[in-house]
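No value in this document is a laboratory result; all are computed from the given coordinates. If you're wondering where the values come from, they're calculated on a predicted model, not measured in any experiment. Neighbour counts run over all protein chains shown; Cβ positions are idealised from the backbone, glycine included.
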Amino acid sequence: MAMTPLEELRHSTAHVMATAVMRLFPEAKLDIGPPTDTGFYYDFDIGHRFTPEDLARIEEAMGKVVGEDQPFVRSEVTREEARKFFEGRGQPYKISRLGDIPEGEAITFYTNGEFVDLCAGTHVASTGRIKAFKLLSIAGAYHRGDERNKQLQRIYGTAFPNREELEAYLHQLEEAKKRDHRKIGREMQLFAFDEDVGPGLPLWLPKGTVIVEELERLAKETEFAAGYDRVRTPHLARESMYITSGHLPYYADSMFPPMTLAAESVPDSQKPRYREEFHREIHAGELTEAKMDRLISLAQEMAKGLPVERYYIKAMNCPHHHKIYKAIPRSYRDLPLRLAEYGACYRYEQSGELFGLMRVRSMQMNDAHIYCTPEQFGEEFNAVNEMYLRYFKLFGIAKYRMRFSTHDPARLGEKFVGEPELWKQTEDMVRRVLADSGIDFIEVPNEAAFYGPKIDVQVWSAIGREFTIATNQVDFAVPKRFGLEYTTAENTKATPLCIHRAPLGTHERFIGFLIEHFAGDFPLWLAPEQVRVLPIADGQMEVARAIERKCRGLALRATVDTSPDKLGAKIRRWQLDKVPYGLVIGKQEAAAGTVSVRSRQKGDEGAMALDAFLERAAMEYRERTLTVAV
RNA sequence: GCCGGCUUAGCUCAGUGGUAGAGCAGCGGUUUUGUAAACCGCUGGUCAUCGGUUCGAAUCCGAUAGCCGGCUCCA
């Protein structure tokens, strides 16, 4: 596969970096050093721990290699020659990589100066062509990306054809950091984390809650129009349900550990009396850590030997929804049945995976399950995809990627339920729906859910990480496990297909994404504060209050700046707070019944009648107008 | 979970073994103000936590927690 000139440059820079590292640390063992979308990396196995100071030293040594203007020379070798060469140099990873090259394919070395690398190429003519590079970070990375393998040290860097482009890229990185939802979320007081609450458990502050509730309203209206029914389910369920669903064996690690309690079958007289004993203990002096330990062992002692049962906090809503399906006998006339809920779920994500709002342990999903017949499937699946696209248009989301995840036949019965026919049928159905609708997508094997193929919509965070923002999944397996059925027109029983869909993902991730997408500059309908009245002096305070009341009468979120500051300061604060409209009220406006409007897009728009402004704002709100440039 | 780094006031950040600082925010007062910062004053920190070294620790060492950059994972 040919590299683009930029990839060639970056890959060559990776070789230069490896050359420099070998000069400084001759004992280093090399793995691989490919280009990436934004730069390059090289993986090293080395006893020394790279430090940020090392990066500067390595950069300096790289500068020397560039100065030596070493030509990159390609040579073909035999497998045996290559193996001997790397054995001689003590490079086990290279020998391992050699094994990846299929028989009959050319084995090539690229040499620059004293540095020789197993490499398919291609490269720039010589190291002197590398004009602008920078090493960015040090990271751990497993050999071949497998957790069971040794962790190597990876150095990330980037390179550009010239200094200017490198500087522009570094500047762009800085700019992206300003969009980071974690920074804006704190500045705008949208959400917060607290150590006592726990990692990955966000608190929605009042302003963030406004956004949450506006999104819920959007979803409810959209889903109502599309024929969904709303349901509500508990946050917990007995272990037995997750055994039925098949989730426990697959996902126990990702769920919070169960709550264990005395079984319902234990007579009351034998059940532990936590209450009295605890009460007595807890109030007998200070509550120390030692005492907590005593109380916990007391509880364990009391429960000892009793039959127990376990409850899990739900990590997904599907099993509960399946139970709602099952609560009532269903006929083909009832299908499709679309059950929607903004369900609260909890997942015990590994600590290192948590990332602001984008990856959390408590979340609310824009979830729904559509139960339908195979004949209805195409139309239903397509309707869900169209709902995605309508939403994306509403939010002005243009940069996304549809991923169609299919199964791997080699892993049937292990990672994927063993129903080869159903896999084929449903994947074909999805592929046909996608083709008919003309949506661009990429197909990725081996990424399906265990119960069926899926379409994920991928977006990128400000700092460039990729996330699934929405999902549309086929499930032909779990309804069967739950014994879901409907009576067909022929009066026989059949199992429905189920579509799991979450076009708005979770509140947490979706809002995290929206914060970055809009850089906090939300369209009016989502803005926590929509209108701020800015009286010039106290003399206009009464009029300002009256305008605030009028706005609120139209459900517009308005406030008055009651500070003793001068207008300039009020405007500045209004601007920094990213409020869509500011209404300046001075003596003239108060007398004329007008407001001087300031908008985020146009700045000072001059005076207009209050009613005219209210009509405009109310319409923007109602229509969910995308008022901001994104 | 793994590798590495970071943690000083609400926020942004100075402070390299010898009495904890600045700007902004907040609070109080004066000013009643016309489109991005009026003026004066005040409050606020167990330097993440615990332990160690030292006559003396924000500063050196260790552990723990949280966060950050990656890896792995992501129903």
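Among A:305-316, A:194-205, what's the highest-first ranking by average C-beta atoms within 10 angstrom per residue? Can you show the working numbers first?
Numbers: A:305-316: 16.2, A:194-205: 13.6.
Highest-to-lowest ranking by the protection proxy: A:305-316, A:194-205.
Say the dipole of the range A:65-105 comes from +1 at the beta carbon of Lys and Arg and -1 at that of Asp and Glu; which of A:L98, A:G88, A:V73 then lies farthest toward its positive end?
Sorting the options by dipole projection puts first A:G88.
Relative contact order, percent, of the range A:1-124 when contacts are C-alpha pairs under 8 Å separated by at least 6 residues? Walk me through the numbers before you get to the answer.
Details: 153 pairs, mean separation 34.3, N = 124.
In percent, rounded to a whole number, it is 28.
First obtain the Kirkwood hydrodynamic radius of the range A:1-115 from its Cα pairs, then insert it into the Stokes-Einstein equation at 37 °C and 0.692 mPa s, and state the resulting D in µm² per second as a whole number.
This corresponds to a translational diffusion coefficient of 216 µm²/s.
What FRET efficiency would be calculated for the residue pair A:T209, A:E615, taking the C-beta separation as r and a Förster radius of 35 Å, to the nearest 0.05? Walk me through the numbers on the way to the answer.
On the way: r = 28 Å, r/R0 = 0.79.
Efficiency at R0 = 35 Å is approximately 0.80.
Given charges of +1 on the Cβ of Lys and Arg and -1 on the Cβ of Asp and Glu, with all other atoms neutral, how large is the dipole of the range A:576-630 about its Cα centre, in debye to the nearest 20?
160
Subtract the Cα-Cα distance of A:L248 and A:K84 from 0.36 nm times their separation in residues, and report this length gain in nm to one decimal.
Details: separation 164, 0.36 × 164 = 59.04 nm, distance 4.90 nm.
So the chain would gain 54.1 nm between A:L248 and A:K84.
Towards the positive end of the charge dipole of chain A, with charges on Cβ (+1 Lys, Arg; -1 Asp, Glu), say which of A:P496, A:T559, A:L295 has the farthest Cα.
Value computed over the given set: A:T559.
Between A:E103 and A:E59, how many nm apart are label points set 7 Å from Cα along the C-beta direction?
Distance between label points: 4.9 nm.
Once a ≥ b ≥ c are taken as the square roots of the eigenvalues of the Cα gyration tensor of the range A:107-211, is the result rounded (a/c under 1.5), prolate (a/b larger than b/c) or oblate (a/b not larger than b/c)? Kindly include the intermediate steps, with their values, before the conclusion.
On the way: a/c = 4.41, a/b = 1.87, b/c = 2.36.
Since a/c reaches 1.5 but b/c is at least a/b, the shape of the range A:107-211 is classed as oblate.
Could you compute the net charge surrounding A:I107? Neighbours are other residues with a C-beta less than 13 Å from the C-beta of A:I107; K and R count +1, D and E count -1. If you can, show how the numbers build up before the last one.
Numbers: positive: A:R74, A:R79, A:R83, A:K84, A:K94, A:R97; negative: A:E76, A:E80, A:E81, A:D100, A:E103, A:E105, A:D117.
After counting each charged neighbour, the total is -1.
Under 11 Å from the Cβ of A:V65, count the other residues' Cβ atoms, weight Lys and Arg +1, Asp and Glu -1, and hand me the total.
Spelling it out: positives minus negatives among the neighbours equals -3.
Find how much the distance from A:R572 to A:S240 grows on full extension, using 0.36 nm per residue of separation minus their present alpha carbon separation; answer in nm with one decimal.
113.7 nm
Taking square-rooted eigenvalues a ≥ b ≥ c of the alpha carbon gyration tensor, is the range A:57-113 rounded, prolate or oblate, where a/c under 1.5 means rounded and, failing that, a/b exceeding b/c means prolate?
On the way: a/c = 2.79, a/b = 1.88, b/c = 1.49.
Taking the square roots of the gyration eigenvalues as a ≥ b ≥ c, the range A:57-113 is prolate.
Taking the Cβ-Cβ separation of A:M608 and A:L394 as r and a Förster radius of 25 Å, what is the calculated FRET efficiency to the nearest 0.05?
The computed FRET efficiency comes out at 0.40.
Sum -39500 (n - 2.57) across every DSSP H segment of at least 4 residues in chain A, then divide by the residue count to get the 222 nm mean residue ellipticity, nearest 500. The partial results should precede the final answer.
Working: 20 runs with 242 residues, N = 630.
Helix contribution divided over all residues of chain A: -12000 deg cm²/dmol.
PRE reach from A:S351 (point 7 Å along Cα→Cβ): which of the range A:187-213 fall under 16 Å by backbone N?
Residues passing the 16 Å test: A:194-201.
Put +1 on the Cβ of every Lys and Arg and -1 on every Asp and Glu Cβ in the range A:310-349; which of A:M316, A:Y348, A:L337 then has its Cα farthest towards the positive end of the dipole?
A:L337
What does the convex hull of the Cα atoms come to per residue for the range A:400-466, in Å³?
80
Would you calculate the separation in nanometres between label points at A:R545 and A:T111, each defined as 7 Å from the Cα along the Cα-to-beta-carbon direction?
Placing both labels 7 Å beyond Cα along the Cβ direction yields 8.8 nm.
When ranked by the protection proxy of mean other Cβ atoms within 10 Å per residue, highest first, what sequence do the peptides A:22-31, A:115-124 form? Each step should come with its number before you reach the end.
Numbers: A:22-31: 16.7, A:115-124: 19.4.
Going from most to least packed, we get A:115-124, A:22-31.
Can you give the charge dipole size of chain A about its Cα centre, rounded to the nearest 20 debye, using +1 on the beta carbon of Lys and Arg and -1 on the beta carbon of Asp and Glu?
Using only the charged Cβ atoms, the result is roughly 1160 debye.
Run the quick spin-label model on A:A176 and A:S437: label points 7 Å from Cα toward the beta carbon, then report their separation in nm to one decimal.
Once both label points are built, they end up 2.9 nm from each other.
Quote the FRET efficiency, to the nearest 0.05, computed for A:T51 versus A:N491 with a Förster distance R0 of 56 Å and r equal to the Cβ-Cβ distance.
Details: r = 74 Å, r/R0 = 1.33.
After rounding to 0.05, the efficiency reads 0.15.
Hey, how many Å between the Cα centroid of the range A:522-537 and the Cα centroid of the range A:81-160?
A separation of 55 Å, based on Cα centres.
How much length, in nm to one decimal, is gained on full extension between A:M259 and A:R148, taken as 0.36 nm per residue of separation minus their Cα-Cα distance? Don't skip to the end; give the middle numbers.
Details: separation 111, 0.36 × 111 = 39.96 nm, distance 3.08 nm.
Difference between extended and current length: 36.9 nm.
So how do A:481-490, A:357-366 stack up, highest first, on mean other-Cβ count within 10 Å?
Most protected by this proxy first, the peptides run A:357-366, A:481-490.
Please grab the % of Cα pairs in chain A that end up more than 39 Å from each other.
Values: 101501 of 198135 pairs.
Counting pairs separated by more than 39 Å, the tail of P(r) holds 51 percent.
Taking a ≥ b ≥ c as the square roots of the Cα gyration tensor eigenvalues, with a/c under 1.5 meaning rounded and otherwise prolate when a/b beats b/c, else oblate, which class fits the range A:306-411?
Values: a/c = 1.71, a/b = 1.05, b/c = 1.62.
The shape class here is oblate.
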